[in-house]
Amino acid sequence: MAIGASSAKAAEDKADSATEPAQPPQLRRRLGRADLRAVPEARRALRELLRHWGRPGRSEIAELLTSELVTNALIHTDHDAVLTAIVGPGGLRVEVRDFVARRPRLRVPDADDGTHGRGLFLVQSLADAWGVSAHGVGKSVWFELDSDAA
């Protein structure tokens, strides 16, 4: 190899990569079955992902809603789950995929029911969009927060 050939190749590779679209920042984390330690770990990982998002109030809501989805997946299924969060130009999308087909039920919170039954109600109230997507095996429960919302 000629002297300077590697630096020319490196410069060429760098120029090629500059024309490729950048991947949006994202988080992907496997959550162990019934391991509730994953809830604060998911919040911390999401907080780190969103540190440069520039939407502090939205980041706090994202952490809360992510906690709810992760907790639901770990408590109401007997399987692992996968947390994915993607920050794009339009905002944030978080989904938690589990491997149980049973769809979650949205319940109106009952004052006599302690702290149970409020998770999806919070998601519905605070997210800009949310839903459940069926997969061949299991489902994903997701929410979105728009970047331009106050």
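The values are calculated or read from the model by the stated rules, or taken from the named source; none is laboratory data. Just so we're clear, the structure is a prediction, and the values are computed from it rather than from any experiment. Every residue, glycine as well, gets a Cβ built from its backbone with ideal geometry; the counts of neighbours run over all protein chains shown.
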Filtering segment 75-97 down to residues that are touching a Leu at 6+ places or on another chain (Cβ under 6 Å) and farther than 18 Å from residue 38 by Cα yields 91, 92
- Query: Mind checking whether some residue in segment 105-119 is surrounded by 15 or more Cβ atoms within 10 Å (Cβ to Cβ), modelled with pLDDT of 85 or more and in a loop (DSSP other than H, G, I, E, B)?
  - Reply: no
Filtering helices (runs of 4 or more DSSP H) wholly in segment 1-95 for at least 3 residues that are at pLDDT 80 or above gives 38-50, 56-76
Scanning segment 31-63 for residues that are surrounded by 12 or more Cβ atoms within 10 Å (Cβ to Cβ) and charged (D, E, K, R) gives 33, 35, 41, 43, 47, 55, 58, 60, 63
Q. Can you find even one residue in segment 97-116 that is touching a residue at least 40 places away in the same chain (Cβ under 8 Å) and within 20 Å of residue 26 (Cα to Cα)?
A. yes
